[in-house]
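Quick notes on the structure that follows.
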Amino acid sequence: MKSLTFTLLLAIVSITVFGQSKAGSPIGPVPYRAPEETIGMDYFVQPLEGIFLKYGYTGLRKRGHEYDNIKTDLSGKILKLVSIDTRAKKGYLKDEQNEEYETLFDGLSLADVSLLSDLEYAKKNFLNKPLWMHIDDFFAGTDDSNKSKIEGALLDKVTVIDIIPSDVSTLPLRFVLKTQKGEVGKVLTSVSGTNTRLERRDWFNNIFFIKDPKLTYNFTPEVWKIVKSGNPKIGMPIDAFKLIMGLPTHMYTTTTVNGASQQWIYGDTYPSYYLFERGKLVAMHR
């Protein structure tokens with residue numbers, strides 16, 4: 001019966017609601033902009049770390065030096081985006097001295113650079129301020145050398161003690177966090193999704209709550225216990241479910257004589273399905 005219900009839902013009206021590269025998608029607090037919309041804006045160069053200290057940037061070079069990638073660390077250097085050539089798959093930039101640069105463009109993002117206004121927004125709005133975790137674990141330490149994790153973090157309050165460029169332009173910002181227990185860890189994310197190829201799990205809004213969710217939602221202690229466990233349970237309210245799972249990849253809505261129901265789908269390759277009726281989780285298939 002469960003399989004039939006899901007099949008029926010898929011066969012009726014369907015709406016894809018959350019595309020990572022579309023304007024207005026709920027990636028973070030800053031609206032998404034296509035790279036072409038940022039022409040004339042400032043970008044900063046990502047730092048070189050790890051093996052890239054030896055081999056240099058993957059796409060950034062002086063203009064006209066087709067096969068001569070820059071091997072010097074230009075971390076933090078400001079470059080203005082002048083134009084994008086989609087046919088040549090390149091973006092063209094210049095520095096304050098009008099020296100020209102070019103970098104590879106894959107249709108969604110420019111290699112080795114990230115939007116300066118996103119970094120400035122993040123520092124202005126979140127540095128030395130509290131956030132609440134929307135994920136259950138994150139990496140300890142302040143750099144990539146530490147592979148241990150801080151676990152059981154869902155709903156916990158943390159303080160943002162630093163925001164710095166990461167060495168990954170697709171995950172441009174490194175938020176350094178301090179827990180209430182004094183543990184220090186970090187996450188990589190973007191506040192807008194602009195010039196990135198973020199997966200759903202890396203969206204700012206799927207990593208952090210800006211406000212304490214316990215002040216926003218009036219759930220029973222039993223429901224809060226389910227949320228903290230990180231495991232959805234049949235009968236839980238849809239808002240509590242969303243605190244655990246975040247926003248879906250796709251959402252399908254069906255209206256019948258018995259009322260409206262929703263199916264939320266997470267992932268594309270190995271999707272999981274959740275069915276809601278009257279605001280509560282009534283079935284799931286994972």
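For region 197-218, give me the residue count where each residue is over 26 Å from P172 (Cα atoms) and among the polar types (S, T, N, Q).
2
Going through region 241-286 one residue at a time, which ones are surrounded by 18 or more Cβ atoms within 10 Å (Cβ to Cβ), part of a loop (DSSP other than H, G, I, E, B) and among the small types (G, A, S)?
G246
Return the residues of region 132-188 that are in contact with a Ser or Thr (Cβ under 9 Å, 6 or more places away or on another chain), without any contact (Cβ under 8 Å) to a residue 24 or more places away in the chain and assigned to a loop (DSSP other than H, G, I, E, B); say none if nothing qualifies.
Selection gives nothing.
Would you check if there is a residue in region 149-168 being surrounded by fewer than 22 Cβ atoms within 10 Å (Cβ to Cβ), under 21 Å from L247 (Cα atoms) and within 15 Å of the chain's Cα centre (by Cα)?
no
Here are the criteria: (1) in contact (Cβ under 8 Å) with a residue 40 or more places away in the chain; (2) at positive phi; (3) surrounded by 14 or more Cβ atoms within 10 Å (Cβ to Cβ); (4) not assigned by TED's automatic domain parsing to the domain that holds L177. Tell me which single one G76 does not satisfy.
Going through (1) in contact (Cβ under 8 Å) with a residue 40 or more places away in the chain; (2) at positive phi; (3) surrounded by 14 or more Cβ atoms within 10 Å (Cβ to Cβ); (4) not assigned by TED's automatic domain parsing to the domain that holds L177 one by one, G76 breaks only (3).
Within region 59-83, which residues are under 19 Å from D144 (Cα atoms) and not small (G, A, S)?
If the condition is that a residue be under 19 Å from D144 (Cα atoms) and not small (G, A, S), then D73 is the only one that fits.
Looking at (1) outside the structural domain of S145 (by TED's automatic domain parsing); (2) at pLDDT below 95; (3) under 21 Å from the mean Cα position of the chain (by Cα), which is the only condition G193 fails?
Condition (1) is where G193 drops out.
Just checking: which of the strands (runs of 3 or more DSSP E) contained wholly in region 29-108 hold 2 or more residues that are acidic (D, E) and more than 15 Å from P172 (Cβ to Cβ)?
Output list reads 100-104.
Take region 111-141 and flag every residue that is touching a Gly at 6+ places or on another chain (Cβ under 8 Å) and either within 11 Å of K178 (Cα to Cα) or hydroxyl-bearing (S, T, Y) (or both).
Matches in region 111-141: A140, G141.
The values are calculated or read from the model by the stated rules, or taken from the named source; none is laboratory data. Treat the numbers as computed from the prediction; the structure is a model and nothing was measured. As a convention, Cβ positions derive from the backbone with ideal geometry for all residues, glycine included, and neighbour counts pool all protein chains shown.
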